[in-house]
Structure formats: structure tokens, C-alpha cells
Amino acid sequence: MSSPAVDVADARPRVRPLRWLAGAVLLVLAAQLAWFLVTNPRFEWPVVADYLLDPNILAGLGMSLLLTVVAMALGSGLGVLLAAGRLSGFKPLAWACGVYVAVFRGIPPLVQLIFWFNLGYLLPRISLGVPFGPTFASWPTNAVISSLTAAILGLTLHEAAYMAEIVRAGLLAVDGGQRDAARAMGFTARQSFVKVVLPQAMRVIIPPTGSQFISLLKGTSLVSVIAMADLLYSVQVIYNRTYQIVPLLIVACAWYLAVVTVLSVGQRRLERHFGKGQR
Amino acid sequence: MNATPVLRVQNVRKRFGDHVALDGISLDVHEGEVVTVIGPSGSGKSTLVRCVHQLEGIDGGAMYLDGELLGHESHRGHLRPLPDRRVAAQRGRMGMVFQQFNLFAHWSVLRNLTEAQVAVHGRTPERAREEALRLLERVGLAGKADAHPRQLSGGQQQRVAIARALATDPRIMLFDEPTSALDPELVDEVLGVVRALAAGGMTMIIVTHEMAFAREVADRCVFMEHGRVVETGTPEEIFDRPSSPRLRAFLSRFSQERVAEGEAASEPEKELEKGNAR
């Protein structure tokens, strides 16, 4: 078996006809799509270009981003508390947190937004005082619940329910030995949670939180139904006047896609940061 | 010895559901004493040290550290559980070494050693760092301060874990099968560190399956079975003149399986063993 030396480095690539076929199909589809986008006059690309940086639309985009950041920050904080509560040894607390998650995860966010916006009907005045006792201060609900507060309230409470589940999964993923070791070092329950358990849970919490942030950004478009001037609403205001529906929706799509792309990059960075120190 | 024992365990009971893990354990450990605990799996050895460290609550009995009741206080003639902060402070006065090392995976070796010193014992970061580096040198890991736990071998991780437990100047060190999760060739480096501690006068309870080591390092040896202390005595009494039939049976099982390997740990035999394990 010592005839001319065989060396697989000299091998030629295999012929793969199916790949060529798939490549050709993709090429044709791409060409067709491009043709459609360029030749169909109803896209009105010049209109898209006109409105892309329109101040009203940028203000709407700003509002969408603000709502996303505020609801995410408040929702995450509340979510961590809910998750810790659900894992608490005090059963009534664990149960109450479970009920919260079930309710706020179970009602569609659109319904919640409309509900909070109409809170004034159910509860005409909001007051501060001793339960069943004297009242110190009270305000008419409709003065407190503007579309902004209704939007923040609805999105935050909904987000908190999802974050609670994500954080809980992260906490459960931390090895029990880490908790033992933390307690053994003399850390109090809160120190163990903040110093040892939560930071290690982050590795599991971050990836789904990134997706959650992205769906929340898209979810802010729901607030347009309560006349909150977000990106979608700003676009609607314009096309209700000019009837240029498609180009203005494309403006909105372009901005949503741009922001989501930036967020995805940020998410990948965070994952790398919190992944360190783990196997 | 009439002085107050460092640790006094009195008639401690612990059950998990229907399973009785500790069935009235009593044990005194005096200053500078090394007590090794042996016994079959499931005899309650690990539960004992976990209960002493209050990682598990006990169902009955009492434990004292330097004469202070652990986990409870008396209040208007009644006993009631201590708040978490006080229990944590009591834990901080003991050192624990786990079978699975349990180093904090998200921190460097140095931070593993310094954090409790600063956050629990109120030392300055500089002082904690100094102490940590001194201890790392003592366990032979002077160069590893900035490493992450996952970059270390099992034996190195366990030595860091010992240094971490020592960093807060514990009154007593508790070892829960410190070498059971290690590859055979890494056992000796960890036992060496424990041996040095014993020679230095550290008060310790060591739960172990390493019989030769349990005999060599102990001032006193405790044999447990079914959650009870069956026999306790000097290493010679336990290993050479066991009085109960159950201890005799346990030791004869071990002399067939384990003692041979532990005592005559010559290199060729170890290699052979590893070969067999594959």
C-alpha cells in the first residue's frame, strides 16, 4: 500500500447541484423584490426621504424610546422584586407574586393600556391615607392618569410580569452551592442575593432580557390607541392628513428596524460581558 | 479539659421529612482540637457540619459556639430564633469548606478571599488584600490572586476555598468531605494544607472518607451511623481497638476497598487505579 502518496489536501470540492439551484432561486427572488421596490410608484420613495427626518417623527421616535427605557427600567426593578418574592420562604408573599405574574402576563397589553387610560371611570379619585381610615390628600383620577402615565403604567406592569419570570429562571439556574458558600461566609440573605446570586444569574437573565427590550420597543406602538404621541402615532397623524399611508409606514418601519439593530448589537456585547467567569 | 469548649453540640436532632438525619448527636470540640468524623454514606456526617454552620436548621437540641447559643436567644424566658443578621454574624465566626469547593464563580481568586473580610468583618480593602495574599502564599497559590476559579484545577480550587474560609479568622473550621470531588492525584495537595492547619493548632471538624488521613490528623475520631455517634475515641482506639461490631464491619470494608490505596499511595498504584477507572 505504498504507491503514490495520497494527500487529501489535493482533493477538489464536491459538486453540489442542489446548492446551485437554491442559490439561483434566492437570486431570482431577490431580483424580483428589488424590482418591486424600485418600480412600484406607490412606495413614493421621495416622500419617505422627506419625512424620514421630519421633526414630528423624530419627536415620536424619541417618545417611543423614552417609553421603552422607562418601562424597561421600572419593569426590571419590579420584576427582580417579584422574582425574589416568588422564591421567598414566606408563602403568602410567594403566592401573591405568583398571582401578579399570572394576571399581568395573561391580559393583552393593548387591553391593559385602554384599561389604565379609563381608570377614572372605576376610581374617580385617587387618595392617599390610612386604609379604611382618614384621607390625607386626594386627586381626581383623570388629572393623574394622562396618556403618558397610562402608557408607562400599562407597559411597566406588563413588562414586570415577564421580567419576573426571566429573573426567576436566572436565579434558579445559580448552583445551590453558591448560596451555601455565601451564607457560610457570613453574608446576610440580602448580601448573598445582591453580591453572589444575582450577578451569576445575569448570565441567564441577559439574553431573554435583550429580546424583551426589543419586543417592548415594538410594543410601545400600542400606545398610539390612547393618543400617545409615539413613533406610530406621529406617522398616523401625518398620513391621516396627506393620505400617504404606505410611505409613512415605511418611515416608521425604517426607524423601528434601525433601533432594533442597534439594540441587538448592544445585547451581544452585554452577553459577552456577563458570560465571563463562567464555564 | 475544663475550659468552655469552642463548639458544644448537645442532643441535636434533624429530620428531612420521614428520614431521621441526626438522632440526638452530642459532641464537644475544644480549643486546638482536631475531630475527624467517619461513617458510611447517609450516616449524617455532612448534615452534622451543615447544621453546625446553620446552613440547615435543627429540629431539636442545642449548639454553642464559645458558650453562645447558636441560632436562638432567650427572651422573657422563652427561646426564639435570631434574626438573619445575627445568624449571619455567627456563621461568620466559623469557616466552612465544601466538597464541591463552591468558589464564587464570578469573582477572581483575590475577591473570593477579600469580600467577606470587608463586607462582613469591616476590614479595610488594603488590610483584606494583605491578608488574602498572605493566605494564598500559605496554601501555595501565591501567583493565582488574579486568576478566575474556572482556570484552576480542583485541588487548587479547594486550597483557595480553604484560604477563603481562613481569611475571616474563624474560631473553628468545618470540612465537609474536602477531597471527595477531587481526582486521586490532587487529594494529597489538599490534605497537606489541612495537615499544616492541624499542626498550627486550628480547631477543626473534618468529615472525610480518607481513612488514613482521618487517623493521622485527628486528636479524636467520631464514628457515625444512622444519625448517631456510635463510637468516639482516640485514633488508636477507633482504628486499632474498635469496640462496636458496626465500626469493625465498617473498617473491614474500608481496609479492603480504601485503606490500601490511601496508605500505600505509591505512584505506580495510583496510575493503575486510574487505568482501572477508565
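Test B:ALA132 against the stated conditions and say whether it is out of contact with any Lys or Arg (no Cβ under 8 Å at 6 or more places or on another chain), surrounded by 13 or more Cβ atoms within 10 Å (Cβ to Cβ) and either away from every other protein chain (no Cβ under 12 Å) or part of a helix (DSSP H, G or I) (or both).
When the stated conditions are applied, B:ALA132 passes them.
Looking only at residues that are surrounded by 12 or more Cβ atoms within 10 Å (Cβ to Cβ), modelled with pLDDT of 90 or more and farther than 15 Å from A:LEU153 by Cβ in segment A:96-130, which one is nearest to the chain's Cα centre (by Cα)?
Among those residues, the one meeting the criterion is A:ARG105.
Sort out which residues of segment B:135-156 are in a helix (DSSP H, G or I) and more than 12 Å from chain A (Cβ to nearest Cβ), and write them in order of number.
B:LEU135, B:LEU136, B:GLU137, B:ARG138, B:ALA142, B:GLY143, B:LYS144, B:GLY154, B:GLY155, B:GLN156
From the list A:VAL235, A:VAL223, exactly one residue is under 30 Å from A:ALA164 (Cβ atoms) and at pLDDT below 95. Which is it?
A:VAL223
Is there a residue in segment B:69-91 that is out of contact with any Asp or Glu (no Cβ under 7 Å at 6 or more places or on another chain), touching a residue at least 60 places away in the same chain (Cβ under 8 Å) and not basic (Lys, Arg)?
No, segment B:69-91 contains no residue that is out of contact with any Asp or Glu (no Cβ under 7 Å at 6 or more places or on another chain), touching a residue at least 60 places away in the same chain (Cβ under 8 Å) and not basic (Lys, Arg).
Those residues that are in a helix (DSSP H, G or I) and either surrounded by fewer than 18 Cβ atoms within 10 Å (Cβ to Cβ) or facing another protein chain (nearest Cβ under 8 Å) (or both), I need them from segment B:91-110; list them, please.
Listed by number, the list holds a single entry, B:ARG91.
Report whether or not A:ALA169 is more than 19 Å from B:PHE101 (Cβ to Cβ), in a helix (DSSP H, G or I), in contact (Cβ under 8 Å) with a residue 40 or more places away in the chain and away from every other protein chain (no Cβ under 14 Å).
Against the criterion (more than 19 Å from B:PHE101 (Cβ to Cβ), in a helix (DSSP H, G or I), in contact (Cβ under 8 Å) with a residue 40 or more places away in the chain and away from every other protein chain (no Cβ under 14 Å)), A:ALA169 does not qualify.
Scan segment A:226-243 residue by residue and report those that are more than 28 Å from A:SER146 (Cα to Cα) and either surrounded by 19 or more Cβ atoms within 10 Å (Cβ to Cβ) or under 16 Å from the mean Cα position of the chain (by Cα) (or both).
Passing the criteria: none in range.
Test each condition in (1) touching a His at 6+ places or on another chain (Cβ under 9 Å); (2) within 14 Å of another protein chain (Cβ to nearest Cβ) for A:LEU216 and report the one that comes out false.
All conditions are met except number (2).
For segment A:18-70, what are the residues that are over 17 Å from A:SER234 (Cβ atoms), touching a residue at least 40 places away in the same chain (Cβ under 8 Å) and not in a helix (DSSP H, G or I)?
Result: A:GLU44, single match.
Checking the condition within 14 Å of another protein chain (Cβ to nearest Cβ) and at positive phi, which residue from A:GLY177, A:GLY186 passes?
Selected residue: A:GLY186, the only one of A:GLY177, A:GLY186 that is within 14 Å of another protein chain (Cβ to nearest Cβ) and at positive phi.
Return the residues of segment B:190-241 that are within 16 Å of the chain's Cα centre (by Cα), crowded, with 19+ Cβ neighbours inside 10 Å and in a helix (DSSP H, G or I); say none if nothing qualifies.
Of everything in segment B:190-241, those that are within 16 Å of the chain's Cα centre (by Cα), crowded, with 19+ Cβ neighbours inside 10 Å and in a helix (DSSP H, G or I) turn out to be B:VAL190, B:LEU191, B:VAL193, B:VAL194, B:LEU197, B:ALA198, B:MET211, B:PHE213, B:ALA214, B:ARG215, B:VAL217.
In contact (Cβ under 8 Å) with a residue 24 or more places away in the chain, in a helix (DSSP H, G or I), among the small types (Gly, Ala, Ser) and touching a Gly at 6+ places or on another chain (Cβ under 9 Å): does that describe B:ALA181?
Judged against the criteria, B:ALA181 is not a match.
I'd like the full set of residues that are part of a helix (DSSP H, G or I) and facing chain A (nearest Cβ under 9 Å), limited to segment B:113-125.
B:GLU115, B:ALA116, B:ALA119
May I ask you to list the residues in segment A:76-122 that are touching a residue at least 60 places away in the same chain (Cβ under 8 Å) and of a type in the set (D, E, K, R)?
A:ARG86, A:ARG105
Counting just the residues of segment A:189-213 that are touching a His at 6+ places or on another chain (Cβ under 9 Å) and facing chain B (nearest Cβ under 8 Å), which one comes out nearest to B:PHE175 (Cα to Cα)?
Looking at residues that are touching a His at 6+ places or on another chain (Cβ under 9 Å) and facing chain B (nearest Cβ under 8 Å), I get A:VAL196.
Quick one: A:LEU172 ticks every box in (1) surrounded by 12 or more Cβ atoms within 10 Å (Cβ to Cβ); (2) touching a helix residue (DSSP H, G or I) at 6+ places or on another chain (Cβ under 8 Å) except a single one, so which number is it?
(2)
Out of everything in segment B:69-84 that is surrounded by 12 or more Cβ atoms within 10 Å (Cβ to Cβ) and charged (D, E, K, R), what residue ends up being farthest from the other protein chains (Cβ to nearest Cβ)?
Taking the candidates together, the pick is B:GLU73.
Is it the case that B:VAL109 is of a type in the set (A, V, I, L, M) and closer than 28 Å to B:GLU31 by Cβ?
Here the answer is no, as B:VAL109 does not meet what is asked.
Residues that are among the polar types (S, T, N, Q): which strands (runs of 3 or more DSSP E) entirely in segment B:2-75 hold 1 or more of them?
The strands (runs of 3 or more DSSP E) meeting that bar are B:7-16, B:19-29, B:34-38, B:72-75.
The values are calculated or read from the model by the stated rules, or taken from the named source; none is laboratory data. What you see is a predicted model; the values in this text were computed from it and never measured. Cβ sites come from the backbone with ideal geometry, for glycine too, and all protein chains shown count toward neighbours.
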